[in-house]
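Here the structure comes first, spelled out in structure tokens, and everything after it is commentary.
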Amino acid sequence: MKTYCFLFLLVLSITQVNAETSIAILDFELNDLTMKPRTAAEINRTASLKPLLEKELKSADYRIVSIDSVSQDKASSGFGYLFDHDDVAAELGRIVGADYVLVGRLHKPSFLFAYIMGHLIRVKDGRLIGNYISETKGGDEKLTLKGIESIADKIDKDLDNRYTPPAPKHIPSP
């Protein structure tokens, strides 16, 4: 009986330690290089990436820490600044008490595909610990979600390794 109690307490303490990993996710930037850039659809898709990623990481018990867009804009000196300056992004994370900060971008070089990109920075030392890219075809919401699931899986592999992407949904044949 004592052995079971010890194992239960050990597992409980490990779970509680893992549940404390906190991530601040910044608003994703849109880098649209197409002939018709920054359409309403692409702006909306880009705005949906942060909440989708937060939802996926929350499902793996990561604590999501908020950084308001005003603070993010204030820290940035223009497009791509936080994506290229890990130290400044880390400072934003430090201010809100996060362990990690993710700076994201939707890079769209073509109408046919786009890349969901993310830099994961460890706040305590400002070090880039992950550079993630997931290619999506077209602008379909389901494919965008699959791209976000891929990014969440990659982030989790570098951190606590407890995220399980949802199983693919099979469409029955007629």
- request: Name every residue in the range 148-160 that is over 16 Å from residue 119 (Cβ atoms) and either within 11 Å of the chain's Cα centre (by Cα) or crowded, with 18+ Cβ neighbours inside 10 Å (or both), in order of residue number.
  value: 149, 153
- prompt: Hey, any hits in the range 125-139 for a residue that's in contact (Cβ under 8 Å) with a residue 60 or more places away in the chain and closer than 20 Å to residue 42 by Cβ?
  reply: yes
query: Does the range 112-128 contain at least one residue that is of a type in the set (Phe, Trp, Tyr) and closer than 14 Å to residue 34 by Cβ?
result: yes
query: When the range 111-137 is examined, which residues are found to be of a type in the set (A, V, I, L, M, F, W, C) and either assigned to a loop (DSSP other than H, G, I, E, B) or crowded, with 19+ Cβ neighbours inside 10 Å (or both)?
result: 111, 112, 114, 116, 117, 120, 121, 123
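The numbers here are math on the coordinates, done by the rules we state, and not lab data. All figures in this text were calculated on a predicted structure; none of them were measured in a lab. FYI the Cβ positions are ideal-geometry reconstructions off the backbone, even for glycines, and counts take in every protein chain you see.
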